Amino acid sequence: MWRLEAARIIAGLARMVHDIGLAEELAQDALVAALEQWPESGVPDNPGAWLMAVGKRRAIDRIRRQRRYEDKLAEIGRDTESQAPPEIDVPDDEHIEDDVLRLVFTACHPVLSTQARAALTLRMLGGLTTDEIARAFLTSEPTVAQRIVRAKRTLSDAGVPFEVPEGPDRAARLSSVLEVVYLIFNEGYTATSGDDWVRTDLCQEALRLGRILAGLAPEEPEVHGLVALMEIQASRTRARTGPSGEPVPILDQDRGRWDRLLIHRGFAALLRAKAIGEPPGPYVLQAAIAACHAQAPAPEDTDWTQIASLYGILASVAPSPVVDLNRAVAAGMAHGPAEGLAVADKLADEPSLRGYHLLPSVRGDLLARLGRAAEARAQFERAAELTRNAAERKILLDRAAKAGEGEGNR
């Protein structure tokens with residue numbers, strides 16, 4: 001119940017007190033009250049409303065104490081200036097959804113680091129505990145706690161308003177929000193470290209946040225594009241690992257294990273994004289690429305020419321070395337490994353990819369398909385050195401060994 005209600009409660013209280021750190025404390029106080037009272041009184045019919053009511057009372061008490069303190073200071077200081085106290089802005093149910101959207105934009109404010117935004121979002125909007133966030137990102141609980149504390153302090157010190165931005169600032173801030181949600185999803189979809197290849201709990205949390213955001217901002221095509229992308233990618237979860245938890249590449253997956261309901265939901269979200277009528281953004285384009293894979297009943301039916309074309313458009317809309325690396329894969333499948341390798345080779349000196357294990361992994365695959373076994377083996381070994389995920393490292397070393405066998409049989 002707390003997972004479901006935390007975002008609404010914190011958001012409603014934040015509008016009252018104009019401080020998300022204090023709002024979270026008040027919400028936690030309400031949760032403690034529930035833990036103390038419900039075992040004796042029973043769970044109320046509307047537990048979310050009960051928690052909100054308790055949180056409101058605590059907030060009003062806090063505001064009144066603060067005002068009495070300020071009045072006493074004014075009296076001691078012989079401040080004769082009189083002014084009527086401002087009214088307390090108590091949220092009602094009609095404003096709650098707007099408040100949640102304000103909380104999203106505040107927790108994902110660009111003044112925070114990406115890691116801090118992700119941790120704060122999971123805490124404020126996901127209702128996750130510090131321990132749960134630490135386990136999700138395979139880091140220590142004190143580290144996550146410090147990030148969250150610093151993030152709240154930074155927002156307070158910077159005077160970040162609790163509001164939904166408008167005008168030109170909205171697009172930039174929305175991009176930050178979507179980046180955080182997709183970062184959470186990707187960490188679950190392909191874990192960057194640890195023994196597990198997939199962490200389903202993070203994927204589900206990102207999907208939940210994305211769906212909430214789509215409901216709060218229905219006229220934003222990129223929000224629907226991100227939801228479509230995550231739904232379609234999540235549909236492959238059951239097929240992405242083998243019996244021992246080893247990664248299974250998309251071309252080797254049993255497509256009968258793909259979740260058709262998630263695929264249909266992804267297609268519906270993609271259609272909603274296109275119906276808005278704006279030029280496709282990065283998430284809409286990535287969702288369209290994912291849809292090409294989902295539409296193919298078998299790997300050989302994949303429209304790689306269309307995928308390569310979409311990556312070309314994506315490279316012009318949102319240029320990045322990672323997009324170019326994916327374009328190299330698509331070009332290699334659509335037009336042959338030599339063309340794909342030509343694209344990948346241009347990235348060899350890219351500083352941002354110097355420690356990125358997928359660059360040598362992609363080059364190794366293309367070199368192996370060209371029969372250049374010794375070079376392929378060296379690339380797979382390099383990729384295995386760079387990855388921090390144990391399951392992926394084993395796959396890469398196996399591929400290096402197979403390339404070595406091919407080299408010996410020449």
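Overview of values
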item: Sole exception among (1) at pLDDT below 95; (2) closer than 27 Å to Gly245 by Cβ for Asn409, by number; result: (2)
item: Condition check for Arg372: modelled with pLDDT of 90 or more, surrounded by 15 or more Cβ atoms within 10 Å (Cβ to Cβ) and farther than 18 Å from Pro249 by Cβ; result: yes
item: Any hit, segment 152-166, residues being assigned to a helix (DSSP H, G or I), charged (D, E, K, R), surrounded by 14 or more Cβ atoms within 10 Å (Cβ to Cβ) and at pLDDT 90 or above; result: yes
item: From the options Arg8, Arg57, residue that is out of contact with any strand residue (DSSP E or B) (no Cβ under 9 Å at 6 or more places or on another chain), assigned to a helix (DSSP H, G or I), surrounded by fewer than 20 Cβ atoms within 10 Å (Cβ to Cβ) and among the basic types (Lys, Arg); result: Arg57
item: Selected residue [of a type outside the set (A, V, I, L, M, F, W, C), in contact with a helix residue (DSSP H, G or I) (Cβ under 8 Å, 6 or more places away or on another chain) and surrounded by fewer than 17 Cβ atoms within 10 Å (Cβ to Cβ)] from Arg236, Arg211; result: Arg211
item: All positions within segment 130-151 that are surrounded by 14 or more Cβ atoms within 10 Å (Cβ to Cβ) and part of a loop (DSSP other than H, G, I, E, B); result: Phe137, Leu138, Thr139
item: Residue in segment 238-256 that is polar (S, T, N, Q) and part of a helix (DSSP H, G or I) present; result: no
item: Cβ pairs under 6 Å, 6+ apart, first in segment 368-386 and over 11 Å from Ala401 (Cβ atoms), second of a type in the set (Ser, Thr, Tyr) and modelled with pLDDT of 95 or more; result: Ala383/Ser361
item: Looking only at segment 315-366, and only at residues there that are in contact with a helix residue (DSSP H, G or I) (Cβ under 6 Å, 6 or more places away or on another chain) and of a type in the set (Ser, Thr, Tyr), the one that is surrounded by the most Cβ atoms within 10 Å (Cβ to Cβ); result: Ser361
item: Filter pass, Gly245 being at pLDDT below 95 and either surrounded by 14 or more Cβ atoms within 10 Å (Cβ to Cβ) or within 24 Å of Arg199 (Cβ to Cβ) (or both); result: yes
item: Members of segment 19-47 found to be closer than 22 Å to Ile60 by Cβ and outside any helix (DSSP H, G or I), listed by number; result: Asp19, Pro44, Asn46
item: Every residue from segment 205-249 that is under 12 Å from the mean Cα position of the chain (by Cα) and among the acidic types (Asp, Glu); result: Glu205
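The values are calculated or read from the model by the stated rules, or taken from the named source; none is laboratory data. Being a predicted model, the structure only gives us computed values, none of them experimental. Every residue, glycine among them, receives a Cβ derived from its backbone with ideal geometry; neighbour counts consider all protein chains shown.
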